[in-house]
Each structure stands twice: as structure tokens, then as C-alpha cells.
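Notes for the one structure printed next.
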Amino acid sequence: MMKGFQRLLQASLIAAAAATVNAASPGAARCASFAATLKLENTSITATTYLTANETFVIPDAHPTCAQNATTPVALCRLELLTKTTSTSQVVTELWLPDNFNKRVAATGNGGFNGCVDYDALNYIASMGFAVIGSDNGHTGQTGEPFLNHPEVINDFGYRAIHTEAVLMKQVARAYYGVAHKKAYWMGCSTGGRQGFKSIQDYPADFDGVLAGAPAVDFNRLLSWSGALLDVGLQDPAAALSPELLSAVQADAIARCDALDGVTNGIIDEPNNCDPTPSAKLLCAADATDTTTCLTPAQLRTLKVYFTALTMPDGTKFPRVDPGTPFAPLSFFIENWHRYVVYNSTAWDPATDWNTTDAFIRTDAINPGGIASWAPEKMHAFAARGGKVLTYHGTTDPLIPSGSSIKWYNAVQKSVGAGTMAQFYRFFRVPGMDHCYGGTGTGAFGQLYPTTLAPGAQTAANNVVQALVAWVESGRKPETLVAGNSETGVQRTLCAWPKKSVLKKGGDKSKAEGWKCV
């Protein structure tokens, strides 16, 4: 009993001490009084909290698919806001205003159908002194259910939540710190990458620098491509491949094509040089009775679909899966988008209702929420005002083929011209990186979270956020980027497209200085 009382007393004293520290902080005082003075159009502040460095807090009523708690990297003022975008839609945002403000503001993106504030991204960006904002993208949770019968919620997801973030972060930061920001930045990957390009196209003045990883810019065709891959197995169940066979196909491609670049490191540097046809050892014999561990003719036809660019009903092509890529299930995205958005019916079932041609034509005609971001002709204004965009994509991305970023790069360059392209756009293709980060390659260069930091002191040479800032604010064009593998410690020099990273004669393949750009 006494020990329990002592523990309670100790906890009370610690809490009281923390409260005293917070109360004594100038940031805490400003944070406490700020909400009462802030007036924002169609926006209400639902909570204001001052938090010390490394403080973990619980997120009440968080959706089960969203983060349940978060941690602050530095002392900051946390604002929670709700903006009514229409009478039937709203965007929930959260701003972190650090005491050590670097006079830069940033907005963060989401992934997939994500309707969750990305607290890991807020943590990472605030740790560098940015005033940063994140949103729920206009809905809650990570499924497509909130879109059903709610076109304005789809509009928030397609474009409006991004612009809402941009407007709020600038207004709130100016009011809170009493000074104008120097530059504004966008940072996101996947859906977040698409959001970055959508902002460039529709609101070219919202951001000065955009970091857009693995961007789903060709969103409608991406989902049609995903559905076409799924449809192969639906049409002929015998043509479907087990996870074990898919892994065997991946390993076979790496074994055959790894050394094509002269370096054996478990990575296919240039997937386009790799013939995806599986080795004969993976094929079933003509008289095989057990076909569970080998590839049948029907399964080979499935792989041909995987590894061939898909021709759409309008004649355009969507890039193939890169050989050596791990295979990922795509049914979740196909089902949620088409059921709740394209067909807007809970009765729609991909197992019985999928039709690639109909899905493509319907999606293209509706273009829900203006989701399509394949508009190279709308990149000019951002470039003309001096904006900079830095994008990256891994060659083993199982969700969005890296060829889509190459196709997008070529489309933008054709539209704006090579001279303008060199001044405002950089693309880094990352050998062996999976979706947004990770993989067997060097998929860590400071792009998203603290876990994606390359080893060593963080500078513009090995941190893509700092590289973007240096380009926007000092004109230092990023031509190379040092990337690392968080697990193996291997490093490599990445090169701005179309140059490629090649091992120097006698170079150490595990060190960045062992590689050069050609």
C-alpha cells in the first residue's frame, strides 16, 4: 500500500514538474493564448496543446487503421483544426509549430486511400525546424468506404485537401510566429507523390519545392492496370500463381540478370535489359503430376501479362512490372476504388463484375475528384515561377512500376522543353528500392521518416529534403544523392536521370564513393 502511494506521489511530482516547465516556456505561453486570437475561414481549432521534446501522446478516438499515438521530436505547439470544405465534406488537419522554427513551412501527403494524419512524417519534418501540417485527406481510415455516395469527399481526396493544407499552414505559421515564411514545401510519396504533382498543376503558387516519391500520377490507368493483372487469375483460376511461385520467379530473375551491369549485389540495375522469361528449371515437365512447385503454360501466360506493357482501350500503354520486383496483392485497391467510387455500389464485386475495358472507360469519363494528374501541359506555371520538383522511384516497386515515372519524366520534358526541365525537375531512379523506401538496394536517403535516413551526418549530399531546400533557396542543383541501406550499411551514389550509377573500376560496391554517374 505504502509503495503504491509512493509511486503515485512520484508520478504526481513528475507531472507537476513537467507542467511547471511547460508553463515557464515562452512557447507554451504563446501556444496557450494563440487559439483565441486566430480567425480562419470555415475553420475551427478543436484543440491546442504544448508538448515538450520526445513527448508521446495518445490520439483519442483514432480510427483503428490510423496511428493510436505519436511522439514529438522537439518542443512544439500542436494545433488540431477542422475545415468545412462544403456542406457535406470536411478536412481534419494538424499543425506542429516547433519552438526552433526555421522560417520554412511544409505540408505532408498520404499513401493509398489513407485518411490518417501521417504522424511519423510530422515528427521527421518538425525535427528539422519546419512548421508542418498533415491532414486526413478529407475522410477517416484507410479504406474507400467514406467515398460511397459522397462526391465532395472524393473531391477532397482528389485535390482539395492538399490546397487546404497549403493555405492553412501559411496563415497559421504567419500568425503564430509573427514573421513570413521563407519558402513552402510539399513532401509525400505514392498518393502523396501524386498529390504533389496535382498541386503543381492546379495551384502552382502553393509550394516552392515539391518532393514527390513514386507518384501515382497516372492514377486511373494505374488502377485499370492493377485490375487487369487481377483479372488474369479471375478468368482462369488455374493461371493464378501462389506466393511461393511468385517468389521463385522474382529470385530467378535476379539470379539471371543481377550481373548484367557487371556487379553482383542482388539488384537488377536496369530492369529493361532483363528478359523476364523464367528459366527452364522453373517450368513443369509435360508429364508432371504435381504442378504446385513449377510453372504451367497457363501460369506462363499470366507472367507474360505481368511483364508486358498493358495497352489500354484508348491505345495508350501502362508500363510493365519490373523483373526482380516482389509481387504484392493489388485486390484491396482495385476493390475499394471501383466499388465505392467508380461504380458507387456496395454490390459491385471484382470477382464477378470486373471488366478491364468498362472500368477504364468509366473511370476515364468520370475522373473522380479530378484524380488524374497526368497533365504535363500544366507544369509550365510552376516552372516559370521558379518552383523545383524532386522525385524518386525504386526499381522493385510492387505497387507502381518505376517505368511510370520514366514515362512521366519524358512527357513533362516534351511539354516544357529540355532547357526548362534541367532548371526545375530532377528524377532519381533507385535500383533495388521497393515502394517509397526499403528493399535490397539503397532505399534510405531521408525521404520520409527518421527510419529512412542514410548513415552519417545529414547534409544536402545524402538527405533529399535538405537537397531540395538547397536547390530552392541556394540554387544548388542536385545531380547526385548518397543513399544507404538501413540494415546492411551499404551506400551508393544515385544519379539524376537520365544518368545512371555505375561502379568505378576497382571501386568498392558498398561505399558511395565507389560509384560514378555516366
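The values are calculated or read from the model by the stated rules, or taken from the named source; none is laboratory data. Keep in mind that what you see is a predicted model, and the values were worked out from it rather than measured. Glycine gets a Cβ as well: all are built from the backbone with ideal geometry, and neighbour counts include every protein chain shown. Surface accessibility is based on the protein's heavy atoms, side chains included, excluding ligands, DNA and RNA. Shrake-Rupley method; radii C 1.70, N 1.55, O 1.52, S 1.80 Å.
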- Those residues that are surrounded by fewer than 24 Cβ atoms within 10 Å (Cβ to Cβ) and within 17 Å of the chain's Cα centre (by Cα), I need them from region 412-431; list them, please. Arg426, Phe427
- Selection status of Pro398, part of a loop (DSSP other than H, G, I, E, B) and touching a residue at least 40 places away in the same chain (Cβ under 8 Å): yes
- Note on the structure: Pairs returned, first residue in region 164-187 that is surrounded by 18 or more Cβ atoms within 10 Å (Cβ to Cβ), second residue that is part of a helix (DSSP H, G or I) and modelled with pLDDT under 95, beta-carbon separation under 7 angstrom, 6 or more apart or interchain, are Tyr176/Phe34
- strands (runs of 3 or more DSSP E) wholly inside region 441-508 containing at least 2 residues that are more than 18 Å from the chain's Cα centre (by Cα) and surrounded by fewer than 19 Cβ atoms within 10 Å (Cβ to Cβ): 501-503
- Message: Name the single residue that is farthest from Asn485 (Cα to Cα) among those in region 415-430 being of a type outside the set (D, E, K, R) and not in a helix (DSSP H, G or I).
- Response: Gly417
- Message: Any residue in region 354-367 that is open to solvent by less than 70 Å² (accessible area, probe 1.4 Å) sitting within a Cβ distance under 7 Å of a residue that is of a type in the set (S, T, N, Q)? List the pairs, counting only those 6 or more apart or interchain.
- Response: Thr356/Ser224; Ala359/Ser224; Phe360/Ser224; Thr363/Asn220; Thr363/Ser224; Asp364/Asn220; Asn367/Asn220
- Can you tell me which residue among Gly112, Gly193, Gly158 is over 21 Å from Trp96 (Cα atoms), in contact with a helix residue (DSSP H, G or I) (Cβ under 7 Å, 6 or more places away or on another chain) and assigned to a helix (DSSP H, G or I)? Gly158
- Task: Scan region 138-160 and give yes if some residue there is closer than 21 Å to Arg30 by Cα and not hydrophobic (A, V, I, L, M, F, W, C), otherwise no.
- Result: no
- If you go through region 132-149 one residue at a time, do you hit one that is open to solvent by 40 Å² or more (accessible area, probe 1.4 Å), farther than 28 Å from Asp397 by Cα and among the hydroxyl-bearing types (Ser, Thr, Tyr)? no
- Residue pairs within 6 Å by beta carbon, gap of at least six or interchain, first lying in region 195-217 and in contact (Cβ under 8 Å) with a residue 60 or more places away in the chain, second assigned to a strand (DSSP E or B) and small (Gly, Ala, Ser), listed first then second, are Gln195/Gly188; Gly196/Gly188; Gly196/Ala212; Phe197/Ala212; Phe207/Ala184; Asp208/Ala184
